[in-house]
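We did not get these values from a lab; they are worked out from the coordinates using the rules stated. From a predicted model like this one, the values you see are computed outputs, not experimental measurements. Neighbour counts run over all protein chains shown; Cβ positions are idealised from the backbone, glycine included.
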Amino acid sequence: MTMTAMATTGVEPRVVDVQAFIDAERVSPLQKRLLFLCFLVIAIDGFDTAVIGFIAPAVRAEWGLDVGQLGPLFASGLFGLMLGAFAVGPLADRYGRKTMLVVSMILFGAASLASSLSAGLTALIGLRFLTGLGLGGAMPMTITLASEFCPRARRSSLVTLMFCGFTLGSAMAGLIAARVLPQMGWRVLLVGGGLAPLALAPVLGALLPESVRFLVMKGHAQGRVADVLRRISPAADLRGATFVDTAVSKASPVVQLFGGGLLKGTLLLWLAFFMSLLVVYLMTNWMPTLLQASGASIADAASIGAMYQVGGTLGAILVGRLMDRLEPHRVLFATYLTGAACIVLISLSTHTRGLMTLAVFAAGACISGGQVGGNALAAGFYPTPYRATGVAWANGIGRSGSIVGSLLGGILLGFGWAATTVYALVAIPAAISALALGTLGVLRRREPT
């Protein structure tokens, strides 16, 4: 273990700062396994979040539903996502990140499996709400766990790389649905979406370590902390060491988000997440319809729309690397501002397939990639005692934006607005996200060091 990871007071006892320890060591097999398991959670999350959109036409056909009746089905899952994020964060700061991640996986797996047995729309709406509760809790727990086990110098790139599982899982939902729906029906997809998290939950319980920063914060046995740190660095001499991290506060984690100089930062993060996820879900849910309204064929709309998810995956990797090398707030400011310009470009290129495809790809890279980077930024913004709450509540506020975005597309098209006008309007919240994150960067640079 390097000397930078340890402070001493006399000869004994030795005091080890757990974050400094992690920062001083190379990424170990334990941390790589944790990131991979979190990647799988995110991928399953992405699959289950996206699959409802792909099965909706089949559900509508089987039960003879109107298009308007599908609205509550979409909204119920999004409301569940929002409430799940709000509820699980404070619980994780009390009971542990790993514990609440496993509970969230069991909840959304069981609810998804039960959804496959739905006899009517009302039952399916209720079960999708429960599925959303689990989904809303799982995502911020993976972000928090991963960020607390990553060295600061590589945190953004590793967390964003892990988060690429979401767009890959969403893409897999479409690919699998295209093959399975015609032969086996929509219920099979919900069975698969339920069995995967239920199978993964015991694996997480057995193989995932609890956050050492959480263990220190809660005053758990020093030997338990030492055991985890030795798995990161087997050669480290931790005999007789006392482990420390950020000071523990007695106040509610939610209250802490607005104290200690965090009020402005919290509000700016919430504004950025709300506007960002509004754009992400409006583009994801309504892009095929908007592209067809612009004159694209069904096949072209599907292929062009797929480039948004591809761009999001590659953009997340690039944004994460840039955030580790440059000032993160400036990176995200430039990313979202570029994304707003790309959305405007989509509206101007509706009759040029090649240019539109490029614009859709770039918009996905900037907006979806920027959202992934925003998650890494939020994880680094909040101290350990209320990090899970901070990340989860930022995602919860963002989920409320996703509800607005999902509904807004239908409302604007219902008013008869042209697709080009809708695209131009969507660029506005993307620009607001850029301004919010840029302002947050200015405020943090002015803080005394």
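Values computed for the structure shown
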quantity: Using distinct alpha-carbon pairs, which all enter the 1/r mean, Kirkwood radius of the stretch 73-171 in Å; calculated: 14.2 Å
quantity: Equivalent ellipsoid, the chain (semi-axes from 5 times Cα gyration tensor eigenvalues, Å); calculated: 39, 25, 18
quantity: For the stretch 131-228: rounded, prolate or oblate by the Cα gyration tensor [a/c cutoff 1.5]; calculated: prolate
quantity: Relative contact order of the stretch 60-174, pairs being alpha-carbon contacts under 8 Å that are 6 or more residues apart, as %; calculated: 33 percent
quantity: The chain: calculated mean residue ellipticity at 222 nm from DSSP helix runs of at least 4, using -39500 (n - 2.57); calculated: -27500 deg cm²/dmol
quantity: Length-normalised contact order for the chain - Cα pairs under 8 Å, 6+ apart - percent; calculated: 24 percent
quantity: Loop-located trypsin sites (Lys or Arg not before Pro) in the stretch 11-89, at most 15 other Cβ atoms within 10 Å (DSSP); calculated: 26
quantity: For the stretch 141-243: relative contact order, % (alpha-carbon pairs under 8 angstrom, 6 or more apart); calculated: 24 percent
quantity: The stretch 150-195, Cα convex hull volume normalised per residue, Å³; calculated: 63 Å³
quantity: Distance histogram for the stretch 85-137 (every C-alpha pair counted, 10 angstrom bins, percent rounded to whole numbers); calculated: 28, 44, 21, 6
quantity: Rg/Rh for the stretch 352-431, where both radii come from Cα atoms and Rh is the Kirkwood radius; calculated: 1.09
quantity: The stretch 30-108 - Rg over Rh from alpha carbon coordinates, Kirkwood radius; calculated: 1.09
quantity: The stretch 185-246: translational diffusion in µm²/s, Stokes-Einstein, Kirkwood Rh over Cα pairs, 4 °C, 1.567 mPa s; calculated: 90 µm²/s
quantity: Whether the stretch 305-353 is rounded, prolate or oblate, judged on the alpha carbon gyration tensor where a/c under 1.5 counts as rounded; calculated: oblate
quantity: Note, ³J(HN,Hα) from phi for the stretch 166-174, Karplus 6.51, -1.76, 1.60, rounded to Hz, x at Gly and Pro; calculated: 5, 5, 5, x, 5, 5, 4, 4, x
